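Notes follow the structure.
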Amino acid sequence: MRRLIATTLMLLGLAPVAQTQAQDTFRFTAIPDEDQTRLVERFQKVADYLADTLDVDVEYVPVKSYSAAVSAFRNDQVQLAWFGGLSGVQARRLVPGSQALAQGVEDAAFHSYFIANADTGIAADQDQLPESLEGHSFTFGAKTSTSGRLMPEYYLRERFGEAPESLFSRVGFSGDHTRTIALVESGTYDVGAVNYSVWNAAVEAGRVDTDKVHVVWETPAYPDYQWTIRGDVDEHFGDGFTDRVRQALLGMTDPDLLESFPRQGFIPVSNDAYAPIETVGEDLGLLR
Amino acid sequence: MAEPTAPGMLHGDSPGLRLARRSLVLVALCIVLLPFADLSVVAHDPWAELSRMATGLALPHWRELSSPLQAIGLTVSVALWGTLLGVLLGFPLALVFFRSRLVRTACAFVRAIHELFWALLFLQVFGFSAVTALAALAVPYAGIFAKVYAEILEQTPRDAADSLPPGVGRLSRFIYAELPLAWERLAAYTRYRFECSLRASVLLGFVGLPTLGFHLESAFREGHYHQAGALLWLFYLLIGTIGFWGHRRLLPLLTLGSLFLLGPWPHVDSGLLWRFVSHDLWPAPLLDGDWAGLMAWLGNIPDLGPAIGNTLLLGLMGTVGALIIALLLWPLASRHFGNPATRLGGRALLVGLRSTPELMLAFIFLLLLGPSMLPAWLALALHNGALIAFLAARHADNIEPGMPGLPAGGRYAYELLPRIYPGLLALVFYRAEVIIRETALLGMLGVATLGFHIDSSFQYLMFDQAFFLLLVTAGLNIAVDALARRYRPREVVMDDPCSR
């Protein structure tokens, strides 16, 4: 304990030296669910667009996980973030006054796919989650992914009335949608849950052998990704700043910019749209 | 623990027999517990993915890397300054190390938590900045330096200090009669630690600090194997050429220059820091004095028993596996065996195995063997075994064989192994605690170790739970370390392999 305090004091000692960053730069972060390569380069274009439209300095902060993005948002290290459904709820609960501004056109009705290795003999494209899933091995994506964990787990529990751990012979967390596809395709896991847009993109690009892995069931629609902004930005950047940011996001029509998310465009949204996600998160014990 | 061998065979009190008994007990214990480990093999068709990986490594796409030089620069800067800060914090502590139980305990505690977990803690306050990276290295390293420096200083010959006339001040005695004698070993150790910190600095990228590991992990996770291959080669190259760019004369220059790469420094909000330390880390019911609530809070902690069991079992299996791998592999890199070509290949293999992050090894085995403890076991055993084999080969190279004309098998069994075995076993025992720490990182295999739950708690932003589990892990590591120290061969001088 004393060590912790000493460490803290040591770091506090460093703090004054550390304060050289400009205070009124508007910072945002975004983690797309596919293709995180060249993130900085690609999002620099988005930063430039926002800087031009909003007439403030804008900086993109690269972040590796949703939990890290939420922490950065909570600590005011970023003021605007492109969150997943669950991480957005986490962030808004931690930062009172923050609000969801806009979601992707696709995000109003997002889906997850349950995919299965062909060797399992589970038929493709069924109307409901088949009984035959039971006893197979199963992998989610990242632990706090809305489309790779939260909603699939919700529908599993709804259908079978038990926890995934007792339903499947083994439950893993691949950490990423692309990896979920690879692991189910290779038969390492029998079944997996994956973001539908990542799956579709991978199939289109020919990165999946659909003879080896196929979609078993598509979940009903739920709301997913959204831009969330802190409640105190108007104080720092002037009255009406929140609305200007919203307009800037809605007005983003350049396909080159939208490709990074990847979305066709952005539409307005409010916090209330994510109430279902919040309820599910609480029920599953991922939120408290 | 019952002896697995016939009575009479291993009786006696010579050091060699004692080592043999300890090794066999360790192996026997592992075999007895093996049925409790989850070791199923399920693999259908890993070859498509594995061949994609292999092509990626064979045909790296250098052009697709975005700003690799910057990532390398940051990796080196973080390693340099993390080590330097660790020295600055650790050296004063070393001077009082054997006099203060508090300092010893505190150092054991900060050592017991993996750099990556320190990074996850500091991340919550300092964001993705160099402060997080430096603190994540400097804090555990301070504990390591304090301990190792103190041990080195203690072993310094006393003659010079004793011959000083009475009345010489403590400081003068230290500076003129003790420090110069220990200087070379202190410097050698510090240098060694720097090499370790370089690897750690890369790994910090796995949690999001933009070092080489950041890009490597992204590319690997998303299956961009041509990029991952290029980054992995860069990493091997960086480690392999450390002797050239990390020259003694060049280091001060590098250190100063790298200061400019670490910025921009974040604005650190002390209120935020205080909130994290005084509020976020502690269970809310505890802060409110609500004891019933605290019981409920404890009830929500994921199954601690199986997690500790899995962690210890995997740690034991990893340790025994590392021992076996080390015994098999060390001749590959030793001058007593093979020809120059095989030795070069052997050394490359060992350096490759010990430099490749365990997470990647584990993923390859996951594809090959399916999800279970097995991939984690193999990854830990290969990585640590290769590391120990490398050092054992170096030991062996210093030995001049006294019986010329023995065949290779005889040289191995009768000449060299008996002489290097105490050192090798000491390294394995030393490494046991590190292996326990590393089990924490392999949660993706669906093996619920303590580290798996710590990672989940951080993801769910339940920092109080993460902190509690970290304390449990630290306690476990300290216990294992104490046990390993009790049984490790005392007769040998340690050659530290990045172990603490």
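The values are calculated or read from the model by the stated rules, or taken from the named source; none is laboratory data. Small disclaimer: the values here were computed from a predicted structure and weren't measured. With ideal geometry, Cβ positions are generated from the backbone for all residues, glycine too; neighbour counts draw on all protein chains shown.
Of all residues in region B:313-324, those that are under 12 Å from B:LEU382 (Cα atoms) have Cβ atoms under 7 Å from Cβ atoms of residues that are aromatic (Phe, Trp, Tyr), 6 or more apart or on another chain, in B:MET317/B:TRP377; B:GLY318/B:TRP377; B:GLY321/B:TRP377. Restricted to helices (runs of 4 or more DSSP H) entirely inside region B:197-302, those with at least 1 residues that are among the polar types (S, T, N, Q) and out of contact with any Ser or Thr (no Cβ under 8 Å at 6 or more places or on another chain) are B:250-258, B:270-275.
Residue selection: B:ALA426 satisfies the criterion of being among the small types (Gly, Ala, Ser), closer than 17 Å to B:ALA326 by Cα and either within 14 Å of chain A (Cβ to nearest Cβ) or surrounded by fewer than 24 Cβ atoms within 10 Å (Cβ to Cβ) (or both). Within region B:123-164, restricting attention to residues that are outside any helix (DSSP H, G or I) and not small (Gly, Ala, Ser), the residue that is farthest from B:LEU186 (Cα to Cα) is B:PHE128. The listed residues are A:GLU59, A:GLU106, and the only one of them that is acidic (Asp, Glu), surrounded by fewer than 24 Cβ atoms within 10 Å (Cβ to Cβ) and closer than 22 Å to A:ILE181 by Cα turns out to be A:GLU106. The test for being of a type in the set (A, V, I, L, M, F, W, C), within 14 Å of chain B (Cβ to nearest Cβ) and buried (at least 16 other Cβ atoms within 10 Å of the Cβ) holds for A:LEU286. Which count do you get for residues in region A:96-140 that are free of Cβ contacts under 8 Å to residues at least 60 places away in the same chain and within 21 Å of the chain's Cα centre (by Cα)? Summing the residues that are free of Cβ contacts under 8 Å to residues at least 60 places away in the same chain and within 21 Å of the chain's Cα centre (by Cα) in region A:96-140 gives 3. Taken together, the residues in region B:37-64 that are more than 9 Å from chain A (Cβ to nearest Cβ) and not basic (Lys, Arg) amount to 14.
Just one of the listed residues (A:TYR196, A:TYR222) is surrounded by 22 or more Cβ atoms within 10 Å (Cβ to Cβ) and either more than 21 Å from B:ARG52 (Cα to Cα) or hydroxyl-bearing (Ser, Thr, Tyr) (or both), and it is A:TYR222. The set of residues in region B:451-489 being of a type in the set (A, V, I, L, M), crowded, with 24+ Cβ neighbours inside 10 Å and more than 14 Å from every other protein chain (Cβ to nearest Cβ) consists of B:LEU469 alone.
For region A:189-222, which residues satisfy the criterion of being within 8 Å of another protein chain (Cβ to nearest Cβ) and in contact with a strand residue (DSSP E or B) (Cβ under 8 Å, 6 or more places away or on another chain)? Residues satisfying the conditions are A:TYR189, A:LYS212. When A:PHE173 is tested against the conditions (1) surrounded by fewer than 23 Cβ atoms within 10 Å (Cβ to Cβ); (2) under 21 Å from A:LEU284 (Cβ atoms); (3) within 14 Å of chain B (Cβ to nearest Cβ), the lone failure is (1). Somewhere in region B:74-93, is a residue within 11 Å of chain A (Cβ to nearest Cβ), assigned to a loop (DSSP other than H, G, I, E, B) and modelled with pLDDT of 85 or more? No, region B:74-93 contains no residue that is within 11 Å of chain A (Cβ to nearest Cβ), assigned to a loop (DSSP other than H, G, I, E, B) and modelled with pLDDT of 85 or more. The residues of region B:95-107 that are over 12 Å from B:TYR141 (Cβ atoms) and either touching a Lys or Arg at 6+ places or on another chain (Cβ under 9 Å) or crowded, with 20+ Cβ neighbours inside 10 Å (or both), listed by number, are B:PHE97, B:PHE98, B:LEU102, B:VAL103, B:ARG104, B:THR105, B:ALA106.
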